[in-house]
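Heads up, the thing below is written out as structure tokens.
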Amino acid sequence: MVGANIFHCRKQSWPPEEYVSRATLQLLDFDSAAPPEHAWRRRLNSHATILKEFSVTFMEAIKLMRLGIRMWSYVREEASQGRTAPINPFKRESCKPSATLGVPLGGMGSGSISRGFRGEFRHWQIIPGTCEASPVMANQFSIFISRDEGNKKYASVLAPGQHEGIGKSDDQGISSWGWNLSGQHSTYHALFPRAWTIYDGEPDPELKVSCRQTSPFIPHNYRDSSLPTAVFVYTLVNTGKERAKVSLLFTWANSIGGISHLSGDHVNEPFIGEDGVSGVLLHHKQVIKPL
């Protein structure tokens, strides 16, 4: 039986004012840039706790024995046909859920990429039956700010630099990027299917930045809710007395997780649509093994 006090606060868990100042919330209170009142929240400089696996009691194991025998027979039958069972409770998964994960990207049943609350793209589940848990650290948002005719400059990757993929021998120079964000004044707010990251004066003390992430999840519309897509909307508020020139950069490796970007024969193609929208098409060559 689950009690009513499962959360820290019964009526409102993680109040937004404890993570973002009221002044910043008021400044961002337009175009859905401010996080909602009810959400799961974390500071970007916090570290995820280790999730504990649950176990069953002896009596529960007895009750589940018949189901376990049926599942074992199914797994063996699939293996005899040269196939891998998509559901195998007897196999220890290498891609386990992690407390670092935030709201996933992508529609229902179309595969997903999870984004950690500190800004990294990880837990890649693009190909059915496979999962790449490690983040691809080249996939980042960065910001560049210039004030006072260039006499004041700020630049940083929009993620703290204390990541597991930074500083390793194979980080391909990514550790030399401007990881100047401490994360002390930046927060993550999750309410599926959307998430908000608020940079409250980081890296520029006089600039408030909101990144709103959303994936298609439309009631009674399965077709559009299954699109493998996600949208990031940035809102910036300048609280300084002088104008600020701000540039946003998004870097993305031609990858579907792991080291797939090193397999070769990938092509990146710039495009400009009829409506003036421009971007880059990433053509990824991947040999998919049958289940």
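The values are calculated or read from the model by the stated rules, or taken from the named source; none is laboratory data. Source: prediction; values computed, not measured. In this analysis, Cβ positions are derived from the backbone assuming ideal geometry, glycine residues included, and neighbour counts consider all displayed protein chains. Protein only, heavy atoms only, side chains kept; ligands, DNA and RNA dropped before computing areas. Shrake-Rupley method; radii C 1.70, N 1.55, O 1.52, S 1.80 Å.
Taking a label point 7 Å from the Cα of Ala155 along the Cα→Cβ vector, which residues of the stretch 233-263 have an amide N closer than 15 Å to it?
Hits in the stretch 233-263 for Ala155 at 15 Å: 245-251.
Any idea of Thr49's accessible area? Nearest 10 Å², probe 1.4 Å.
Surface accessible to solvent at Thr49 totals approximately 100 Å².
Amide H neighbours of Arg122 under 5 Å, counting only residues 5+ apart in sequence or on other chains, H built in-plane at 1.01 Å?
Ser114, Arg115, Gly116
For the stretch 201-218, just list the computed ³J(HN,Hα) in residue order, Karplus coefficients 6.51, -1.76 and 1.60, θ = phi - 60°, integers in Hz, with x standing in for Gly and Pro.
x, 10, x, 9, x, 9, 10, 9, 10, 10, 10, 9, 10, 9, 10, x, 8, 10
Got a sec to turn the phi values of the stretch 190-198 into Karplus ³J(HN,Hα) couplings, 6.51 cos²θ - 1.76 cosθ + 1.60 with θ = phi - 60°, whole Hz, x for Gly and Pro?
Rounded to whole hertz, the list is 10, 8, 3, x, 10, 8, 10, 10, 10.
Would you tell me the accessible area of Leu262, worked out with a 1.4 angstrom probe on the heavy atoms of the protein chains, in Å² to the nearest 10?
That residue has around 110 Å² of solvent-accessible surface.
Using mean Cβ contacts within 10 Å as the protection proxy, how do 177-185, 245-253 order, highest first? Walk me through the numbers before you get to the answer.
On the way: 177-185: 17.7, 245-253: 13.3.
Packing order, densest peptide first, comes out as 177-185, 245-253.
If packing is taken as the mean number of other Cβ atoms within 10 Å per residue, what is the order of 191-204, 270-283, highest first?
Sorting 191-204, 270-283 by mean packing, highest first, produces 191-204, 270-283.
Report, by chain and number, residues whose modeled amide H sits under 5 Å from the one on Ala253, excluding near sequence neighbours (fewer than 5 apart, same chain).
Distant-sequence amide H within range of Ala253: Asn139.
Can you tell me the orientation of helix 65-80 relative to the chain, as the angle in degrees between its alpha-carbon axis and the longest Cα principal axis, to the nearest 10?
It is inclined by approximately 90 degrees.
If each of Met59 and Glu242 carries a label point 7 Å out from its Cα toward its Cβ, how far apart are those two points in nm?
Here the modelled spin labels are 7.2 nm apart.
Quick one: divide the alpha-carbon radius of gyration of the stretch 100-214 by 2.2 N^0.38 Å and tell me what you get.
Values: Rg = 15.5 Å, N = 115, 2.2 N^0.38 = 13.4 Å.
Compactness ratio reported: 1.16.
Would you mind estimating how fast the stretch 125-279 diffuses translationally, via Stokes-Einstein at 37 °C and 0.692 mPa s with the Kirkwood radius over Cα pairs, in µm²/s? Please list the in-between numbers first.
Details: Rh = 18.2 Å.
For these conditions, the coefficient is 181 µm²/s.
For q values of 0.11, 0.16 Å⁻¹, compute log₁₀ I(q)/I(0) with the Debye formula on a Cα-only model of the chain, without solvent.
-0.82, -1.49
Mind checking which of Pro135, Pro16, Pro205 has the largest fluctuation in a GNM of the chain, springs on alpha carbons under 10 Å?
Pro205
Show the residues, 5+ positions off or on another chain, whose built amide H is closer than 5 Å to the amide H of Leu158.
Phe141, Ser142, Ile143
Which ³J(HN,Hα) values, rounded to whole Hz and listed in residue order, are derived for the stretch 22-38 from phi using the Karplus coefficients 6.51, -1.76 and 1.60 in 6.51 cos²θ - 1.76 cosθ + 1.60 with θ = phi - 60°, glycine and proline given as x?
Coupling constants for the stretch 22-38: 4, 4, 5, 4, 5, 5, 9, 7, 7, 6, 6, 7, 7, x, x, 5, 10 Hz.
Kindly identify the stretch 30-73 as rounded, prolate or oblate by the Cα gyration tensor criterion: order the square roots of the eigenvalues as a ≥ b ≥ c, call it rounded if a/c is under 1.5, otherwise compare a/b with b/c, prolate if a/b is larger, else oblate.
Prolate, since a/c reaches 1.5 and a/b exceeds b/c.
To the nearest 0.05, what FRET efficiency results for Phe144 and Phe192 with a Förster distance of 35 Å applied to their C-beta separation? If you can, show how the numbers build up before the last one.
Numbers: r = 31 Å, r/R0 = 0.90.
For Phe144 and Phe192, the calculated efficiency is 0.65.
Rounded to whole Å, give me the distance from the Cα center of the stretch 217-283 to that of the stretch 43-65.
35 Å
Counting alpha carbon pairs within less than 8 Å and at least 6 residues apart, what relative contact order, in whole percent, applies to the chain?
Working: 501 pairs, mean separation 54.0, N = 291.
Computed over the chain, the figure is 19 percent.
Taking only protein heavy atoms and a 1.4 Å probe, what accessible area per residue, in Å², does the chain have with all protein chains in place? Numbers along the way, then the final one.
On the way: 18780 Å² over 291 residues.
Normalised by residue count, the accessible surface of the chain is 65 Å².
How far is it, in nm, from the label point at Asp265 to the one at Ser32 when both lie 7 Å from their Cα along the line to the Cβ?
4.0 nm
Nearest 500 deg cm²/dmol is fine: what mean residue ellipticity at 222 nm does the chain get from its DSSP H runs of n ≥ 4 alone, each adding -39,500 (n - 2.57), divided by its residue count?
Working: 4 runs with 32 residues, N = 291.
Here the helix-only value at 222 nm equals -3000 deg cm²/dmol.
Of the heavy-atom accessible surface of the chain (probe 1.4 angstrom), what whole percent is carbon and sulfur? Before the final figure, lay out the partial values.
Details: 10360 of 18780 Å².
The value for the chain is 55 percent carbon and sulfur by accessible area.
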